[in-house]
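The values are calculated or read from the model by the stated rules, or taken from the named source; none is laboratory data. Just so we're clear, the structure is a prediction, and the values are computed from it rather than from any experiment. So basically every Cβ, Gly included, is an ideal-geometry build from the backbone, and we count neighbours across all protein chains shown.
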Amino acid sequence: MAPRYLIAFVPHLKYRKKITPLRAKACKITHSTQALQVPVHFSLTKTGTLKDFNSFEKELMQLCSKEKKQMLKLKPFSDILPDRFWSGISIIASKELIRLHKKLEELINKYAIKKRYMRFTPHITLTFPAKVESLEKMKVPFKKLEMDRITILRKDDKWAPYRIYKHIKLA
């Protein structure tokens, strides 16, 4: 299998350490481990296999060098969506964040073997897929989160978890 890539924002460790216990609790209550297969993150693109990763990476680094850091605003409590078997932390979609998502989606689709588009709903997944009816909303430990980098996550095997491949700083 060719490597698969995901473009995401992986928060700095001090924030991941505050989110990880929420995710562990949600996964334990719902008996779901899939969310634990990926570092705490929010996806900016769909996953994909790329034709020319080196050229993609070069263009991504150029794009990031021109993009400013963004302050992400989070909802104060986790969301629970039983019809989607999901619980997570919602991020308020600013115009700047939507614009960045579109640029990243265009770039990854330029190099993707199979183009994929996603409805952009910025969030950090706590548990999925899961029967979340038994969950109670959890207080999010911070209101804002600075997005100062984009992260390339990579997995080399169908059953392997995604791993952090590279962080790319924003201007």
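Some observations on this one:
- Condition check for Leu135: aliphatic (A, V, I, L, M) and closer than 20 Å to Leu6 by Cα: no
- Considering only residues in region 135-145 that are part of a strand (DSSP E or B) and loosely packed, with under 14 Cβ neighbours inside 10 Å, the one that is nearest to the chain's Cα centre (by Cα) turns out to be Lys144.
Quick grid of which residues meet (1) under 15 Å from the mean Cα position of the chain (by Cα); (2) under 30 Å from Ser32 (Cα atoms); (3) not hydrophobic (A, V, I, L, M, F, W, C):
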site: Ser55; (1), (2), (3): no, no, yes
site: Ser78; (1), (2), (3): no, yes, yes
site: Gly88; (1), (2), (3): yes, yes, yes
site: Ile92; (1), (2), (3): yes, yes, no
site: His101; (1), (2), (3): yes, yes, yes
site: Glu105; (1), (2), (3): yes, yes, yes
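- Region 1-27 - residue that is aliphatic (A, V, I, L, M), over 15 Å from the mean Cα position of the chain (by Cα) and under 24 Å from Pro76 (Cβ atoms) and, of those, surrounded by the fewest Cβ atoms within 10 Å (Cβ to Cβ): Ala24
- Scanning region 28-59 for residues being surrounded by fewer than 20 Cβ atoms within 10 Å (Cβ to Cβ), among the β-branched types (Val, Ile, Thr) and more than 18 Å from Asp156 (Cβ to Cβ) gives a total of 2.
- In summary, Ile124 fulfils each of the numbered conditions (1) β-branched (Val, Ile, Thr); (2) surrounded by fewer than 16 Cβ atoms within 10 Å (Cβ to Cβ); (3) more than 20 Å from Glu57 (Cα to Cα) with the single exception of condition (2).
- Count of residues meeting criterion [surrounded by 14 or more Cβ atoms within 10 Å (Cβ to Cβ) and within 16 Å of Leu22 (Cβ to Cβ)] in region 60-111: 11
- Criterion violated by Phe42 - all others in (1) closer than 30 Å to Ala130 by Cβ; (2) at pLDDT 95 or above; (3) of a type in the set (A, V, I, L, M, F, W, C) satisfied: (2)
- Residue in region 149-171 that is touching a Ser or Thr at 6+ places or on another chain (Cβ under 7 Å), of a type in the set (Gly, Ala, Ser), assigned to a loop (DSSP other than H, G, I, E, B) and surrounded by 14 or more Cβ atoms within 10 Å (Cβ to Cβ) present: no
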